[in-house]
Amino acid sequence: MNSKHLRIFVAASSLGLVVVAWPAGAGAQAPAGPWPAAQPQQPSSPDTRPPEQRAPVKPRTSILGGWKLNRDESDDPRKKMQDARSADNGRGGGGGGGGRGGVRMGIPGMGGGPYGGGRRGGGGNESDQDREQMQEVLTPSRSLTVAEAKKDVEIDMFDDQEHKTALFTDGRKVQKAKDNNNQEIAARWDGNRLVTDEKTPKGQKMSRTYELSYDGTQLYETLRVAHGRSGSQVSIRYVYDQAEARTANSEPTRH
């Protein structure tokens, strides 16, 4: 090999070494791999937060305390009485038509505001006053506070306007009320149930039973009233949920 060819060979060999070495150097400077994936962030929207847990209703062991009417679970007294009138008419008994009038909410003598509706039309031997008084008897109180005034003797009930009804269980002769703010009613204990002994405005037999639900979370008020010429009994149940007891004084609120 002459000197010219030798120089070309040496130059070509040097160039090959540079070409081979360059990718290695360049590869050494390349990143070792892909960037690590970003960690997912927890959503901060309030809609994604777990719902607030409500404390369960604590069962009660007696009817004492505050209660508020649960309309959805209570019977409709108007429908109950209409059904009873229809049954009496089917048996040839006395009837009467129409719906409820504007009356106070509550057990006899216990107010609470208008329940709605207009005065009922005529029918039978009932006067307008008789019908209004009966409608008042049938209309439940929006709230009740039940308190023990004297152990095993007197239970006092106050509505949302603090009209007072005293239930006496010692067999005494109760006094006839002079107004609707303060009434006395004879009652008795039947186990854990408190049962009243009353009369309708027309003198027919009537009673109310107050008792706890089986799980102790609600109060049941069951009204049983004789109806029509046959004296057939109508049963109406009102359901009350637990509520904070209102402060009830021994004397009724005067209006």
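The values are calculated or read from the model by the stated rules, or taken from the named source; none is laboratory data. As the structure is a computational prediction, the values presented were derived from the model and not from experiment. Don't worry about glycine lacking a Cβ; one is built from the backbone with ideal geometry, like all the others, and counts go over all protein chains shown. With ligands, DNA and RNA removed, areas are computed over all heavy atoms of the protein, side chains included. Shrake-Rupley method; radii C 1.70, N 1.55, O 1.52, S 1.80 Å.
Per-residue answers, yes or no, for (1) modelled with pLDDT of 85 or more; (2) among the β-branched types (Val, Ile, Thr); (3) over 17 Å from residue 137 (Cα atoms); (4) part of a strand (DSSP E or B):
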{"site": "184", "(1), (2), (3), (4)": "yes, no, no, yes"}
{"site": "196", "(1), (2), (3), (4)": "yes, yes, no, yes"}
{"site": "207", "(1), (2), (3), (4)": "yes, no, no, yes"}
{"site": "225", "(1), (2), (3), (4)": "yes, yes, no, yes"}
{"site": "241", "(1), (2), (3), (4)": "yes, no, yes, yes"}
{"site": "254", "(1), (2), (3), (4)": "no, no, yes, no"}
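The rows are residues; the columns are (1) at pLDDT 90 or above; (2) touching a helix residue (DSSP H, G or I) at 6+ places or on another chain (Cβ under 6 Å); (3) in a strand (DSSP E or B).
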position: 148; (1), (2), (3): yes, no, yes
position: 156; (1), (2), (3): yes, no, yes
position: 167; (1), (2), (3): yes, no, yes
position: 175; (1), (2), (3): no, no, no
position: 233; (1), (2), (3): no, no, yes
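Kindly provide the set of residues from the range 147-161 that are more than 14 Å from residue 186 (Cα to Cα), surrounded by fewer than 19 Cβ atoms within 10 Å (Cβ to Cβ) and of a type in the set (Asp, Glu), ordered by number.
Selection gives 148 alone.
Output the qualifying pairs, or none if there are none: Cβ atoms under 8 angstrom, residues six or more apart or on different chains, first residue in the range 197-213 and of a type in the set (Val, Ile, Thr), second residue loosely packed, with under 14 Cβ neighbours inside 10 Å.
209/190
Of 99, 66, which residue is part of a loop (DSSP other than H, G, I, E, B) and either at pLDDT 50 or above or not aromatic (Phe, Trp, Tyr) (or both)?
99
Which of the following residues is of a type outside the set (Lys, Arg), at pLDDT below 95 and open to solvent by 100 Å² or more (accessible area, probe 1.4 Å): 46, 36, 77?
None of the other options fit; the residue is 36.
Using the structure shown, decide if residue 136 is part of a loop (DSSP other than H, G, I, E, B), at negative phi and either at pLDDT 50 or above or out of contact with any Cys (no Cβ under 6 Å at 6 or more places or on another chain) (or both).
No: the conditions fail for residue 136.
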